[in-house]
């Protein structure tokens, strides 16, 4: 275990911090403000996960991502130099027909790993949707299902149970633990062992700001400290696989 202090360190595996990439940080100043808040809360490393949509090719996306990353690292050399090597690259890949057949899909995985943050469709899931997830797994990719707590109305009866039987990891947004509408469901998912990974899914410093510290506190307040520790350790193992394996 990495730590067990009142204010533990953690890795954030889902946030939109690269400047100008998507609906997250719009400029370098916002990126650095988000990063400073992450650090204040105890973040010691992160994976940047800009949205990938099929409106562009994966190579075009990767080119934009690399430019945004280079811009951020250059800025960090002046602002927070010890963080220039603590940010890994990934994507929040939106599911769509044909995604699993794209020859470049592995390039959306976290760093050097085979972990892929997959956002399921915000429309009725079909047997083909779940079949495609199985195809990813068969091809050696380990899907991390992004914020599953947001999908019950789209999944349909039995689909989530079927998904959970696959070799996937489930990521929860820390903010789900902080809002009245989702708090109970989020706690139940953690208590029942459904959630293995947590990320902030932060986009800015206003409406969707970093809040991992509050999320972990909410779990400990609900007497789910052991589960919180396991989630933090899972995040660390995934980060390390992305950065160094």
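Which residue pairs have Cβ atoms closer than 9 Å, lie 6 or more positions apart in sequence or on different chains, and pair a first residue in segment 125-143 that is at positive phi and exposed (fewer than 13 other Cβ atoms within 10 Å of the Cβ) with a second residue that is at pLDDT 95 or above and not in a helix (DSSP H, G or I)?
140/114
Residue 98 - would you say it is crowded, with 17+ Cβ neighbours inside 10 Å and touching a residue at least 40 places away in the same chain (Cβ under 8 Å)?
no
Search segment 63-87 for residues that are free of Cβ contacts under 8 Å to residues at least 24 places away in the same chain and at negative phi and pair each with any residue that is surrounded by 15 or more Cβ atoms within 10 Å (Cβ to Cβ) and assigned to a helix (DSSP H, G or I) when their beta-carbon atoms are under 6 Å apart and the residues are at least 6 apart or on different chains.
Qualifying pairs under 6 Å: 84/76.
Among 166, 189, which is in contact with a helix residue (DSSP H, G or I) (Cβ under 9 Å, 6 or more places away or on another chain), exposed (fewer than 15 other Cβ atoms within 10 Å of the Cβ), free of Cβ contacts under 8 Å to residues at least 60 places away in the same chain and closer than 21 Å to residue 125 by Cβ?
Going through 166, 189 in turn, the sole match is 166.
Modelled with pLDDT of 95 or more, surrounded by fewer than 18 Cβ atoms within 10 Å (Cβ to Cβ) and either on the phi < 0 side of the Ramachandran plot or under 17 Å from the mean Cα position of the chain (by Cα) (or both), is that true of residue 41?
Judged against the criteria, residue 41 is not a match.
Give the residue, chosen from 155, 146, that is surrounded by 17 or more Cβ atoms within 10 Å (Cβ to Cβ) and at pLDDT below 95.
One residue alone meets the criteria, 155.
Among the numbered criteria (1) out of contact with any strand residue (DSSP E or B) (no Cβ under 8 Å at 6 or more places or on another chain); (2) touching a residue at least 24 places away in the same chain (Cβ under 8 Å); (3) over 29 Å from residue 132 (Cα atoms), which one does residue 57 miss?
Here residue 57 clears every test but (3).
Somewhere in segment 202-210, is a residue in a loop (DSSP other than H, G, I, E, B), surrounded by 19 or more Cβ atoms within 10 Å (Cβ to Cβ) and within 15 Å of the chain's Cα centre (by Cα)? Write out each step before concluding.
First pass over segment 202-210, keeping only residues in a loop (DSSP other than H, G, I, E, B): 203-210.
Then drop every residue that is not surrounded by 19 or more Cβ atoms within 10 Å (Cβ to Cβ), which leaves 203, 210.
Next, only the ones that are within 15 Å of the chain's Cα centre (by Cα) stay: 203, 210.
There is at least one residue in segment 202-210 that is in a loop (DSSP other than H, G, I, E, B), surrounded by 19 or more Cβ atoms within 10 Å (Cβ to Cβ) and within 15 Å of the chain's Cα centre (by Cα).
Taking the criterion of being farther than 27 Å from residue 9 by Cβ and modelled with pLDDT under 95, would at least one residue in segment 127-138 satisfy it?
yes
Can you pull out every residue in segment 21-41 that is touching a helix residue (DSSP H, G or I) at 6+ places or on another chain (Cβ under 6 Å) and in a loop (DSSP other than H, G, I, E, B)?
Listed by number, the residues that qualify are 21, 25.
Conditions tested, residue by residue: (1) surrounded by 18 or more Cβ atoms within 10 Å (Cβ to Cβ); (2) under 15 Å from residue 212 (Cβ atoms); (3) modelled with pLDDT of 95 or more.
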site	(1), (2), (3)
11	yes, yes, yes
18	yes, no, yes
25	yes, no, yes
31	yes, no, yes
35	yes, yes, yes
50	yes, no, yes
53	no, no, yes
70	no, no, yes
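The values are calculated or read from the model by the stated rules, or taken from the named source; none is laboratory data. All figures in this text were calculated on a predicted structure; none of them were measured in a lab. Virtual Cβ from ideal backbone geometry, glycine too; neighbours counted across all protein chains shown.
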